[in-house]
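What follows is one structure encoded as C-alpha cells, with my remarks underneath.
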Amino acid sequence: MNKILEDKRLELETLIFEGNIEKAIKKIAIAVRDYPEDDDLKLLYASALTENKQYKKSEDIINKTLKNNEKLYEKYYYLCINYHRSNNYKKFVDSFILSVKSKKDFGKVNSFFFNIINNPLTKNDYSYLNNKDIKNALVTAIELNLIPIDSLSKPIQQILIEDSKIKDENIQYIEKLSDEVGNSKKEKIAKLITENFSNSGKKLLLCFISTDCITNPYLEKLITIFRFGLLKIYSEEKSFFEEEGYLSDLLISLCNQNFLNHSSWIVSDIEKDILTNLDLRRKNIPKNKQNLNDFLMYGSYIALDKDKELKKTFIKKIPSNKEKFFTLKNHLTRSERLLKYKKNINTKFSITKEESLLLKMFQDENYGPSWGKLKTDEEIPFLYFLKMDLAPIELLKKPKDIKSPNILYAGCGTGRSTMKVSNIENCSIDAIDLSLENLLYFEEKCHEHRVRNINIYNMDFSDIKKLNKQYDLIFIDGVFNTTNNLDNNFDILSEILKDDGFVKLNMPSPLIESEKNLLQKKLIKKNISKDSPISQLRQFIFTSRDPDFRKLINNNDFYDKHSLNKLIFNDKKNLKNISEMKNVFQKKEFEYLGLGNFISNIDNKTTIMSLYKNHYKDDIFLKNLDNWSEFEEKYKIIFKNNYRFWLKKGKKK
C-alpha cells in the first residue's frame with residue numbers, strides 16, 4: 001500500500017474510532033471512488049455503515065468484496081460483526097463458522113465471536129451453538145491459545161451441558177446416572193460414560209477439563225460421577241485402561257482437573273474406601289509394581305504434587321514422547337520449573353512486619369490460578385490506555401501525554417493485569433508483591449511472552465521508598481486493604497508519585513466484604529474454618545439452604561480450593577465506602593478522575609453507566625462520588641470486583 005493511501009486509511013479509522021461516523025462515511029465513499037481496487041477501503045466503508053446501522057447496505061458491500069479473493073476469512077469476519085449488530089444471531093454464528101473454516105487460527109474473529117457469546121447480556125441459543133464446527137473451533141481456540149480461557153469457560157460448559165444427556169433427560173438424570181454407576185459392573189459403567197457426549201463433545205470436554213476449572217455445578221456433578229465410575233472400573237480390572245481410547249484419555253484429563261481445582265471435589269465414603277485399597281503410599285507396594293494408570297487414577301483424587309516421592313515416581317512413569325501428557329507433566333513439575341526463575345526476582349528487601357508475613361504465607365499457600373497467552377506485541381500510547389479504561393467517562397482536561405512512563409504495579413500477584421499494562425508505549429514497570437510463589441509464576445510468564453520491560457520485586461509496599469524511584473503511573477491492586485494504616489499508605493504514595501502523576505486504586509467494597517464476614521461467622525458456628533478440609537466446606541455449601549451460601553455456587557471462586565479460601569478467609573482491613581474514600585482523596589490532595597473498568601466487560605460497564613445516568617441526570621460527567629455511593633447502596637453487586645478509582649496528583653504549591 002502506498003504512503004498516501006496508508007495515511008488516508010489511518011485518518012478514516014480515527015474518525016470511526018472517535019465516533020464521527022457520518023463524516024467518516026462521506027470521506028470513505030470518496031476514497032472508495034478514488035481507489036476502486038482497494039478491498040480494505042471497501043471493508044472499512046462497510047464497517048462505518050454497520051456502525052451507522054445501515055446493515056443491508058454494509059452486507060451488500062461485504063458480499064461483493066473479496067468474492068474471489070483468498071482472504072475469505074476477512075469477509076466473514078466483517079459479516080459476523082454486521083449480523084451481531086443487526087441481531088441476526090444465526091447468521092452471526094454461521095459467519096463465524098465460515099471464517100474459521102477458511103482460516104482456523106484467525107485471531108480477530110475468534111476474539112470477537114467468543115467475547116460476544118461470553119457476554120452475560122448476550123442471549124445465546126446453545127442448541128444452535130451445540131454443533132460440531134463450534135466445538136471444534138473452541139478446541140482450536142484453547143489449543144492455539146487464541147484468546148484467554150476465561151472468555152471461553154462459561155460458553156464451553158453450557159455447550160457441554162447442551163451436548164450431554166443432562167439436556168435431554170433433564171437434571172434428574174444426574175441422580176439416575178449416579179445410582180446406575182454405583183450399582184453396575186465395569187462394562188455397563190464404561191457404556192454409560194462413553195455414551196454421554198457426542199464425539200465432538202468428548203473432544204471438547206477432554207480439552208477443557210485439562211485446561212481450566214469446571215465452574216458449572218451440574219457439569220461438576222456429572223464429571224465426578226464419571227470419576228467414580230472410572231474408579232469402580234479400575235478397582236475391578238486395572239488392565240481396562242491399558243488400551244488407548246476415550247476412557248484412558250478421560251482419566252488423564254481428570255488428573256489434570258484435580259491439579260487445577262487443588263483437589264476440591266467432594267469424595268464419597270465409598271470412594272474413600274476404594275482409594276484406601278489403592279493408596280500408593282502404602283509401604284508394601286514395590287515401586288516396580290506401580291504403573292502409570294495407578295498414578296493417574298489416584299492423582300484424579302489426591303494432590304500427588306504434595307508428596308515428593310510419589311511425584312518423583314509419577315514423573316518417571318509419564319511417557320516423554322506423548323503430547324497428551326504434556327499438560328500433566330507441567331502441573332507435576334510446577335514448583336521445580338518455577339524455582340529456576342527465582343534468580344530473576346529481586347528479593348533483597350526482607351519482609352519483616354508480622355501482618356505482612358502472615359499474608360505472605362496465606363498467599364503462597366493459595367497462589368493464583370494459571371493464565372494463558374496475552375497479546376503483548378501492540379504498543380498503545382498512555383493516554384489511549386487511560387481513555388479506554390475510563391470509558392465512557394471523559395477526561396475533562398486532556399492531560400499531557402507521557403512518552404516514556406515509569407510505572408509501579410503494587411500487588412501484581414501472578415502478573416496477568418501487569419502484563420496487559422506492559423503494552424503501554426515505551427514504559428518501564430516495577431512490579432511488587434508479597435507472595436514469592438505468585439511472582440515466580442509471573443516471571444515465567446514474562447519469559448514466555450518475551451517481555452523485558454518489567455522488573456519484579458518480592459517486597460512490602462511500606463518499603464517501596466527504598467527503591468529511590470518516582471513514578472508517572474502507579475497501580476495499587478488490593479494493597480491498601482492489607483494494613484490498618486491508610487493514611488500512611490497515601491503519604492507513601494504521594495512521595496513516590498510525580499507531580500501530575502496518575503494512580504489506579506483497586507480496593508474491595510465494604511458492602512461486599514461485609515457479606516463475606518457474615519459467611520465467616522456462620523461457618524464458625526458450624527465448626528468450619530480455613531483449616532477445615534476443602535471438601536467439608538464445599539459439601540456444607542452445596543447442601544445448605546441458606547441463600548447467602550447458595551449464592552456462592554454461582555461464583556467461579558467456589559470451584560477451586562485456593563480461590564475459595566481467598567474468597568471467604570482472606571480478611572480485608574481498613575475498608576472504606578465511596579463517600580469515605582472521597583474524603584481521603586480530598587485530604588491527601590488527589591484529584592478524582594473517574595471509575596476504571598470495575599467490570600471487565602465494556603458492554604456491561606456501559607449498561608451500568610446508562611442506568612446511573614437515568615438515576616442522576618444532573619451528573620453529566622458520571623463522576624459525583626456521593627451519587628455513586630448512593631447508587632451502590634441500591635445495586636451492591638456492581639462493585640463485586642472492587643472499586644477502581646483513577647486519581648491524579650496535583651502539583652505542589
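The values are calculated or read from the model by the stated rules, or taken from the named source; none is laboratory data. Every value quoted in this text rests on a predicted model; they were computed, and no experiment measured them. Counting neighbours? That spans all protein chains shown, and the Cβs are built from the backbone with ideal geometry, glycine included. All accessible areas refer to the heavy atoms of the entire protein, side chains included, with ligands and DNA or RNA removed. Shrake-Rupley method; radii C 1.70, N 1.55, O 1.52, S 1.80 Å.
Identify the residue in region 448-479 that is assigned to a loop (DSSP other than H, G, I, E, B) and touching a Phe, Trp or Tyr at 6+ places or on another chain (Cβ under 8 Å) and, among all such residues, is modelled with the lowest pLDDT.
Result: VAL479.
Taking only region 117-151 into account, find how many residues are surrounded by 18 or more Cβ atoms within 10 Å (Cβ to Cβ), modelled with pLDDT under 90 and of a type in the set (A, V, I, L, M, F, W, C).
Selection size over region 117-151: 3.
Between ASN277, ASN330, ASN256, which is part of a helix (DSSP H, G or I), closer than 30 Å to THR543 by Cβ and open to solvent by less than 70 Å² (accessible area, probe 1.4 Å)?
On inspection, the qualifying residue turns out to be ASN256.
Could you list all residues from region 375-394 that are out of contact with any strand residue (DSSP E or B) (no Cβ under 7 Å at 6 or more places or on another chain), hydrophobic (A, V, I, L, M, F, W, C) and farther than 23 Å from GLN470 by Cα?
Across region 375-394, the qualifying residues are MET388, ALA391.
Working only within region 415-446, note down all residues that are outside any helix (DSSP H, G or I), open to solvent by 20 Å² or more (accessible area, probe 1.4 Å) and either closer than 23 Å to LEU493 by Cβ or in contact with a helix residue (DSSP H, G or I) (Cβ under 7 Å, 6 or more places away or on another chain) (or both).
GLU425, SER428, LEU434
Looking at (1) buried (at least 19 other Cβ atoms within 10 Å of the Cβ); (2) at pLDDT 90 or above, which one does ILE402 not meet, given that it meets all the others?
So ILE402 meets the others, but not (2).
Please go through region 589-600 and pick out each residue that is open to solvent by 40 Å² or more (accessible area, probe 1.4 Å) and under 14 Å from LEU493 (Cβ atoms).
If the condition is that a residue be open to solvent by 40 Å² or more (accessible area, probe 1.4 Å) and under 14 Å from LEU493 (Cβ atoms), then GLU589, GLU591 are the ones that fit.
Within region 519-560, take every residue that is polar (S, T, N, Q) and outside any loop (DSSP other than H, G, I, E, B) and give me the one that is surrounded by the most Cβ atoms within 10 Å (Cβ to Cβ).
The extreme case among them is ASN556.
List every residue pair whose Cβ atoms sit under 7 Å apart, with the two residues 6 or more apart in sequence or on different chains, where the first one lies in region 375-399 and is closer than 13 Å to LYS420 by Cβ and the second, anywhere, is among the aliphatic types (A, V, I, L, M).
Between residues of region 375-399 that are closer than 13 Å to LYS420 by Cβ and residues that are among the aliphatic types (A, V, I, L, M), the close pairs are THR376/MET419; THR376/VAL451; ILE380/ILE424; PHE385/ILE424.
Report yes if THR211 is open to solvent by 30 Å² or more (accessible area, probe 1.4 Å), in contact (Cβ under 8 Å) with a residue 40 or more places away in the chain and under 24 Å from the mean Cα position of the chain (by Cα), otherwise no.
Against the criterion (open to solvent by 30 Å² or more (accessible area, probe 1.4 Å), in contact (Cβ under 8 Å) with a residue 40 or more places away in the chain and under 24 Å from the mean Cα position of the chain (by Cα)), THR211 qualifies.
Please state which of the following conditions GLY182 fails to meet, knowing it meets all the rest: (1) crowded, with 19+ Cβ neighbours inside 10 Å; (2) under 30 Å from GLU271 (Cα atoms).
GLY182 satisfies all of (1) crowded, with 19+ Cβ neighbours inside 10 Å; (2) under 30 Å from GLU271 (Cα atoms) except (1).
Is one or more of the residues making up region 239-247 farther than 28 Å from SER532 by Cβ, part of a helix (DSSP H, G or I), modelled with pLDDT of 90 or more and not aromatic (Phe, Trp, Tyr)?
yes
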